[in-house]
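The values are calculated or read from the model by the stated rules, or taken from the named source; none is laboratory data. All of these numbers come straight from a predicted model, not from anything done at the bench. Don't worry about glycine lacking a Cβ; one is built from the backbone with ideal geometry, like all the others, and counts go over all protein chains shown.
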Ligand code: SF4
């Protein structure tokens, strides 16, 4: 989501004459787009800001200027702290107001011309959303993100998203189809639909007189009809919102890739309840069974939080059995760390760090084993790969299989943006290598 937002901020600023540069010392403006999911996000921000403060001072000593903006979820959650601790920051804006960046920059520039220092702060959740104002997305490359939904009403007890991104909001069907068409016309072959709770999507048709809402299954079928699109994915889903229509779409729409990220967080009902996840383990398994019956080749990845307050050895064992049962191919797994302002931060029975460490190591070891086994089972197979970037070595391209496995092959740029049949001949736990079958 932050990659998408950063690209959209670049699009907005391009419209008013800015262009992107690679080095901060050449920059008239630096935007730090921040994410609050990882631990100590605000400390990392202040350390980065310290670095940019020096660059700004140097530029000012040379007679140039530099506007520093902090955007995203840390700005939303820690705006007041930034005002106090980093008065040299010019603009503080939340994830829902970045369409107003040009006005904020104009205001700061006016103040600077009058030799006045002022901070512009915009942490509003406006009624009319940014999607109503954003310019058309710029060329995005063979694989692109498309934001369809934002915010969340679930309030899991460990998560800051409902506070930083606000309430659930879905874009209209037409505006998403327009953006998808435009991406595909510009050469995009794979679109990943984005949302904090993407399968809670419930969009209206813009010009319909009836206020009927349509879910993600419907939207996927509509996007898949656009000529030129080769692959479709969506992220991040909640098990509770995996409705039957969406599950059927996995069986019907061939472009929808058979690899789904479906966070479960824990394999223990007690822990899920304390997390306020609003589903039980058996509900999750039922969804997986339905998905596999709709699309037998489908494989899953997930999210796990290890050491949530009160997690016993038995709870943790239940998570391990779920991982073995579903055979997740990948996962984002982290030790629980309290986020200020969330109910989970003040729960009793916090788990000591050494226990979290050993549980996490065990869990990651098992997951790595699954990934490695799956990658090795690809050797000798010929699989479709979408090449979307250059490799680290000259003459090498990098792409992804349907299951998101990275694949490298020695190829020229003519293969960039193409789905090619690749025979896999090497596999590590992280990636595959092969050559294009003529
Ligand atoms: S559903 Fe996802 S985004 Fe929403 S509160 Fe839970 S973890 Fe956060």
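A quick yes/no check of all residues on (1) within 16 Å of the ligand (Cβ to nearest atom); (2) crowded, with 16+ Cβ neighbours inside 10 Å:
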{"residue": "274", "(1), (2)": "yes, yes"}
{"residue": "304", "(1), (2)": "yes, yes"}
{"residue": "322", "(1), (2)": "no, yes"}
{"residue": "331", "(1), (2)": "yes, yes"}
{"residue": "355", "(1), (2)": "no, no"}
{"residue": "358", "(1), (2)": "no, no"}
{"residue": "375", "(1), (2)": "no, yes"}
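Taking the options 391, 310, 344, name whichever one is over 21 Å from residue 261 (Cα atoms), modelled with pLDDT under 95 and touching a helix residue (DSSP H, G or I) at 6+ places or on another chain (Cβ under 9 Å).
Answer to the check: 344.
Restricting the search to the stretch 157-189, which residues are free of Cβ contacts under 8 Å to residues at least 12 places away in the same chain and either more than 9 Å from the ligand (Cβ to nearest atom) or assigned by TED's automatic domain parsing to the domain that holds residue 72 (or both)?
Within the stretch 157-189, just 178 meets the criteria.
Identify, please: which residue in the stretch 253-267 is part of a strand (DSSP E or B) and under 14 Å from residue 329 (Cβ atoms) and is, among those, farthest from the ligand (Cβ to nearest atom)?
If we take residues in the stretch 253-267 being part of a strand (DSSP E or B) and under 14 Å from residue 329 (Cβ atoms), then 259 is farthest from the ligand (Cβ to nearest atom).
Might you let me know whether the stretch 209-218 holds any residue that is over 21 Å from the mean Cα position of the chain (by Cα) and in contact (Cβ under 8 Å) with a residue 60 or more places away in the chain?
Among the residues of the stretch 209-218, not one is over 21 Å from the mean Cα position of the chain (by Cα) and in contact (Cβ under 8 Å) with a residue 60 or more places away in the chain, which makes the answer no.
For the list (1) farther than 25 Å from residue 219 by Cα; (2) at pLDDT 90 or above; (3) within 16 Å of the ligand (Cβ to nearest atom), I need the number of the one condition that residue 101 fails.
Failing condition for residue 101: (3).
Quick one: in the stretch 195-211, of everything that is surrounded by fewer than 21 Cβ atoms within 10 Å (Cβ to Cβ) and in a loop (DSSP other than H, G, I, E, B), which residue is farthest from the ligand (Cβ to nearest atom)?
209
Restricting attention to the stretch 131-150, which residues are assigned to a loop (DSSP other than H, G, I, E, B) and out of contact with any helix residue (DSSP H, G or I) (no Cβ under 7 Å at 6 or more places or on another chain)?
The answer is 139, 141, 142.
So residue 238 fits all but one of (1) more than 30 Å from residue 221 (Cβ to Cβ); (2) touching a residue at least 60 places away in the same chain (Cβ under 8 Å); (3) touching a helix residue (DSSP H, G or I) at 6+ places or on another chain (Cβ under 7 Å); what number is the exception?
(1)
Would you tally the residues in the stretch 139-156 being within 15 Å of the ligand (Cβ to nearest atom) and either crowded, with 21+ Cβ neighbours inside 10 Å or within 15 Å of residue 171 (Cβ to Cβ) (or both)?
7
What number goes with the only condition from (1) part of a loop (DSSP other than H, G, I, E, B); (2) more than 21 Å from residue 256 (Cα to Cα) that residue 378 does not pass?
All conditions pass for residue 378, except number (2).
Kindly list the number of the only condition in (1) in contact with a strand residue (DSSP E or B) (Cβ under 9 Å, 6 or more places away or on another chain); (2) within 11 Å of the ligand (Cβ to nearest atom); (3) within 23 Å of residue 34 (Cα to Cα); (4) not in a loop (DSSP other than H, G, I, E, B) that fails for residue 192.
Of (1) in contact with a strand residue (DSSP E or B) (Cβ under 9 Å, 6 or more places away or on another chain); (2) within 11 Å of the ligand (Cβ to nearest atom); (3) within 23 Å of residue 34 (Cα to Cα); (4) not in a loop (DSSP other than H, G, I, E, B), only one is false for residue 192: (2).
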